[in-house]
Structure formats: structure tokens, C-alpha cells
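Participant: Mind looking over this structure? Questions follow.
The values are calculated or read from the model by the stated rules, or taken from the named source; none is laboratory data. Predicted model, so just to flag it, every value in this text is computed and none were measured. Note that each Cβ is placed from the backbone with ideal geometry, even for glycine, and that neighbours are counted across all protein chains shown. SASA here: full protein model, heavy atoms, side chains in, ligands and nucleic acids out. Shrake-Rupley method; radii C 1.70, N 1.55, O 1.52, S 1.80 Å.
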Amino acid sequence: MACHRPPPVRPPVLPARLLLLLTLLVSPLALSAQASAAKRAERQAETEKVVQTVLQGGAVPAAVSRLRYLREEPFAADLITEALRRALDERVRRNLVAVLAGLDTRSAEPALVKLAGDGDSTVRMYAAQGLARLKSRNVQVLLPLLNDKSSGVRRDAARALGASRNPKVGKALMAAAKEEQELEVRAAMLAAAGEAGDAKQAKSLKEFLENDSESTRFAAARGLCRLGAPEGFAFANKLLGDSDRFKRRQGLELFEGVVAKKASPALKPLLEDKDRTLAAGAARILYQGGDPSMLDWLVLASWNAKSDEKLAYEKELETLQLPDDRRKVILRRAGVAP
């Protein structure tokens, strides 16, 4: 019998209307994706130019500001890491590391960890600063730097260890502080010991409250406040009760980083203080400490303030980098803006 082949299977023909609808839906998505890719390509091209200006001796602060504005920090970190492999000039290397540290991107962490052991003390210092911004948990590369020959490296290593919030580094920080002769470095170590969160170091910090150095006493109080110790709050409240404006602001500063629940008894009354700079600072610290209502307070206080007082509130809102759209939401919710 003759073999009969089956007829070929033809794909279904879509109705013309359905084809038109699919075309209308897909085209905007494709165009949007193309536009997004084109914009990113432009940002990355400009990022390359900014990194090139650093290689040519351009200013570090301007470069960091521009790179963060472009929002291509991971890409910039990769470019800088690659450039560091080829850079031989000491000044260029330092500038590149300073920019890398200022990007505040997790992509830079592996390079910063490696640079913390660099032979150049300035590079080590910048690396420690970058790790502090990232609140890096890579404490093992930082601990040896507490004994570095450079005071700047010791200071910034201490700050990075405090920012890690790892209680295990508290003992090493206190031991280093007891041996440290540079007042600024010792202060950084004492404050970091409290910020790290090791409650066992409270006893040693209390001993420094009687030190001859004012900066040492202040740093010990800061460390104790971070630990939530009554002795630290007593020190801070004494300053807040002083008639001198400068000392009162010092007292307020000691509450930086303290959770709102513990800071509220001292700071909530300041919201009615005649010194509106003090009031605004208290609100911002409480907000950062976990009291969301203080953001609304700041926005509304700025809205209602006279021109000479408005600056105090706006300075704190700038510190918080409050987006305009969020400000509008708060004002609309309060019924004071359309």
C-alpha cells in the first residue's frame, strides 16, 4: 500500500485585532526597556569620565558627590578597583582609595578589606573610613590597626570597629584606649567601645569619667550613653541643664545613636526649648532612634516656623535626606498642604 504522509501542521493564525493589541502592548515595554538601557549606558559613560578625572588629579569630594548622584556606585567601585591595579603614583592611589571609601557601596568592601593592610598609612586610613561607612563586619582586618604606627589609622580603625556593632571588639578597644596617648584617638576608642555594644566595658568607661582630659571624659560618657548606662545619661543631663548654649548642645550630642525609648525622658522636653536648634536636633535624634512621629514633628515645625527659625529645622531634615515627595505626604496628611 502506498504511504500517505499527514498534511503539515500549520500554526494557528491569530486574528488581526489580537495581533494589533499585542503589538500595542509590547511596543511601549520594548521602548521603555531600550530607553532605560540607554540612560544607564549614559550614566556609566559619565561614571568612567569622573573616574578618569580622579586619575588625572581631580578633586576627590567633587568626584564622590558626582558618582553618588549618578547612582552607579557598584560600577564605579569596579572601575576604581581595576584602576588601582595599574596606578603607581602615590597621590593617585590615595585619591582613588578616598573615592572608593566615599561611595558607600557594598561592592567596594572586598577591595577596602584588602587595602586595610596596604603599606601606605594614608591608604589604610581611607580604607578604615570606608569600612566604617559600610558598618563592615570584617573586624579581623581592623583589630590589628588599633596598634598602627599612624594615629589617623588607629582613630579610624576604632570608629570602624564601633560601627560594626560587634560586642566582641569591645575588650580590644578598651585595652587600646588605656594605652593610647593621643587624646583624639583615645576618645574615638572609648566612644567605639560603647557603640560596639559590649556592656562588660561599662565599668572601665566609668573610670574615664574622672580623667583630667575633657575630651576623654566626654568620649567615655558617649560610650556609656550608647550602652544605656545611667552614669552616661547623668553626665549628659548635667550638660543639658547648663546655662551655656555650647554645653547644652554638647549634652544633646551625647544622645546620638541612643534608642528613642531611652533618650525620650531627656530629649522630649527639649522640643519646647527656646533654643530651636536644640529642639530640632532632639527631634532628629529621637527619629533616628526609632520614633517615627518625630519626622512629622520636624516637617510641620519647619512649615510653621518663621524665617529665622526655619533654618534649624531644615538643617536636620537635610541631614535625614528627606525626599520632597515624602515631605508633601506628611503635610497633606496634616491638612496644611494641597
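Participant: Looking at (1) open to solvent by 40 Å² or more (accessible area, probe 1.4 Å); (2) under 25 Å from PRO110 (Cβ atoms); (3) assigned to a helix (DSSP H, G or I); (4) not acidic (Asp, Glu), which is the one condition that is false for ARG137?
Facilitator: (3)
Participant: Answer with yes or no whether LEU146 is of a type in the set (A, V, I, L, M), touching a residue at least 40 places away in the same chain (Cβ under 8 Å), within 25 Å of SER204 (Cα to Cα) and crowded, with 22+ Cβ neighbours inside 10 Å.
Facilitator: Working: of a type in the set (A, V, I, L, M): yes; touching a residue at least 40 places away in the same chain (Cβ under 8 Å): yes; within 25 Å of SER204 (Cα to Cα): yes; crowded, with 22+ Cβ neighbours inside 10 Å: yes.
Judged against the criteria, LEU146 is a match.
Participant: I'd like to know if segment 212-233 contains one or more residues that are open to solvent by less than 60 Å² (accessible area, probe 1.4 Å), among the polar types (S, T, N, Q), at pLDDT 95 or above and over 23 Å from ALA132 (Cα atoms).
Facilitator: Yes, because at least one residue in segment 212-233 is open to solvent by less than 60 Å² (accessible area, probe 1.4 Å), among the polar types (S, T, N, Q), at pLDDT 95 or above and over 23 Å from ALA132 (Cα atoms).
Participant: With GLY162, GLY197 as the choices, which residue is surrounded by fewer than 20 Cβ atoms within 10 Å (Cβ to Cβ) and among the small types (Gly, Ala, Ser)? Talk me through it step by step, then tell me what you get.
Facilitator: Working: GLY162 fails: surrounded by fewer than 20 Cβ atoms within 10 Å (Cβ to Cβ).
Matching residue, one of GLY162, GLY197: GLY197.
Participant: If you don't mind, there's one more thing I want to ask. Run GLY57 past the list (1) outside any helix (DSSP H, G or I); (2) of a type in the set (Gly, Ala, Ser); (3) modelled with pLDDT of 95 or more and report the number of the one that doesn't hold.
Facilitator: (3)
Participant: From the list SER307, SER302, which residue is surrounded by 16 or more Cβ atoms within 10 Å (Cβ to Cβ), among the polar types (S, T, N, Q), over 23 Å from the mean Cα position of the chain (by Cα) and more than 22 Å from ALA163 (Cβ to Cβ)? Before you say what the answer is, go through the steps one by one.
Facilitator: On the way: SER307 fails: surrounded by 16 or more Cβ atoms within 10 Å (Cβ to Cβ).
After ruling out the rest, the residue left standing is SER302.
Participant: Looking at segment 170-192, can you tell me whether even one residue there is at pLDDT 95 or above, farther than 26 Å from GLU82 by Cα, open to solvent by less than 20 Å² (accessible area, probe 1.4 Å) and not in a helix (DSSP H, G or I)?
Facilitator: Yes, there is a match, as at least one residue in segment 170-192 is at pLDDT 95 or above, farther than 26 Å from GLU82 by Cα, open to solvent by less than 20 Å² (accessible area, probe 1.4 Å) and not in a helix (DSSP H, G or I).
Participant: Have a look at ARG165, ARG154 and point out the one that is outside any helix (DSSP H, G or I) and farther than 25 Å from ARG68 by Cα. Steps first, answer last, please.
Facilitator: On the way: ARG154 fails: outside any helix (DSSP H, G or I).
One residue alone meets the criteria, ARG165.
Participant: Would you confirm whether or not segment 258-272 contains a residue that is more than 27 Å from SER302 (Cα to Cα), modelled with pLDDT of 95 or more and open to solvent by 40 Å² or more (accessible area, probe 1.4 Å)? Write out each step before concluding.
Facilitator: The first filter runs over segment 258-272 and keeps only residues more than 27 Å from SER302 (Cα to Cα), leaving none.
The answer is no, given that none of the residues of segment 258-272 is more than 27 Å from SER302 (Cα to Cα), modelled with pLDDT of 95 or more and open to solvent by 40 Å² or more (accessible area, probe 1.4 Å).
Participant: Continuing with the same structure: Within segment 242-255, track down each residue that is part of a loop (DSSP other than H, G, I, E, B), open to solvent by less than 70 Å² (accessible area, probe 1.4 Å) and either at pLDDT below 95 or over 17 Å from GLU195 (Cα atoms) (or both). So that I can check it myself, show each step before the final result.
Facilitator: Pass one, segment 242-255, residues part of a loop (DSSP other than H, G, I, E, B): 242-244, 254-255.
Right, trim to open to solvent by less than 70 Å² (accessible area, probe 1.4 Å) and you get 242, 244, 254-255.
Hits for segment 242-255 are ASP242, ASP244.
Participant: Do we have PHE255 as out of contact with any Phe, Trp or Tyr (no Cβ under 6 Å at 6 or more places or on another chain) and over 26 Å from ASP291 (Cβ atoms) here? Even if it seems obvious, please write down each step before you answer.
Facilitator: Values: out of contact with any Phe, Trp or Tyr (no Cβ under 6 Å at 6 or more places or on another chain): yes; over 26 Å from ASP291 (Cβ atoms): no.
Against the criterion (out of contact with any Phe, Trp or Tyr (no Cβ under 6 Å at 6 or more places or on another chain) and over 26 Å from ASP291 (Cβ atoms)), PHE255 does not qualify.
Participant: Here is a further query. Has segment 71-79 got at least one residue that is among the hydrophobic types (A, V, I, L, M, F, W, C), at pLDDT below 95 and in a helix (DSSP H, G or I)? Explain how you work it out, then say what you get.
Facilitator: In the first step, residues of segment 71-79 are kept if they are among the hydrophobic types (A, V, I, L, M, F, W, C); the result is 75-77, 79.
Subset that is at pLDDT below 95: none.
Within segment 71-79, not a single residue is among the hydrophobic types (A, V, I, L, M, F, W, C), at pLDDT below 95 and in a helix (DSSP H, G or I).
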